[in-house]
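We did not get these values from a lab; they are worked out from the coordinates using the rules stated. This one's a predicted model, so the numbers in the text were calculated from it and none came from an experiment. Here the Cβ positions follow ideal geometry from the backbone for every residue, glycine too, while neighbour counts run over all protein chains shown.
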Amino acid sequence: MARPYQKANIPGPEMGVSVSDPVVMANFLKSPMKKVLVIGAESLNWELNGKKLADYLIEIAGKINCHVVTTGHAYSYVKDKITDGSLYDMSLINLTNRLCDKDWEGLDGEGQYSMAIFGGHLVFYVSQTLSRIKNFTNWVKTIDLDKYSHPNARFSLPNFSDDDWKEFLESLIEKL
């Protein structure tokens, strides 16, 4: 198990698992659960050999056929790349509140999500989101695809170098 990227991140008795095998992560992402992928604004700043993290996340969203929510200014980059009506723009706090509301019917009005996938967010910001979802819901499983270990996510990546992260994401996309 990887150590939390933030040393003071003490999640309590329930801790998520770090997944270093792209095949395992692909199997989680291919599950029949209703999913939402949340792309943060940092995905525009993080590049792996010239390719933005947002582009990797867009490819993943296309393969798993899910709703996509952008936060911050990521919408302006993503809007022309996802054109099938599954793209929404919302603040991370607003989305977190909705995911924790068991009566919310989702972005399509057809029911609450059972899996929320995050990528491209500041570590300390998304850590609080993951903590809230973990502690105040029992219906939403969380996955974080950033290169940091998040003990509040049900599944996250270990603390990867940029090269290992790039290799993982490319292999994950291939396995989906």
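Taking 7 Å steps out from each Cα toward its Cβ at H73 and I93 produces label points 2.0 nm apart.
If you place +1 on the Cβ of every Lys and Arg, -1 on the Cβ of every Asp and Glu, and leave all else neutral, what size is the dipole of the chain about its Cα centre, to the nearest 20 Debye?
Magnitude of the dipole: close to 420 debye.
Each residue, S161 and D80, gets one label point 7 Å from its Cα in the Cβ direction; the gap between the two is 3.5 nm.
Just going by the charge dipole of segment 17-175, with Lys and Arg at +1 and Asp and Glu at -1 on Cβ, which of N65, V140, L44 is farthest out on the positive end? Towards the positive end, the residue furthest out is V140.
Sorting the segments 144-151, 58-65 by their mean number of nearby beta carbons within 10 angstrom, highest to lowest, gives 144-151, 58-65. Full extension of the chain between Q128 and N65 gives 20.0 nm of extra length, using 0.36 nm per residue less the Cα-Cα distance. Phi angles across segment 35-41 convert, under the Karplus curve 6.51 cos²θ - 1.76 cosθ + 1.60 with θ = phi - 60°, into 3J(HN,Hα) values of 10, 9, 10, 10, 9, x, 5 Hz, Gly and Pro given as x.
Estimated from helical segments only, the mean residue ellipticity of the chain at 222 nm is -10000 deg cm²/dmol, where each DSSP H run of four or more residues counts as -39500 (n - 2.57).
Assuming a ≥ b ≥ c are the square roots of the Cα gyration tensor eigenvalues, decide whether the chain counts as rounded (a/c under 1.5), prolate (otherwise, with a/b larger than b/c) or oblate. Rounded, since a/c falls under 1.5. Applying 1/(1 + (r/R0)^6) with r as the Cβ-Cβ distance of E110 and E14 and R0 = 41 angstrom yields a FRET efficiency of 0.90.
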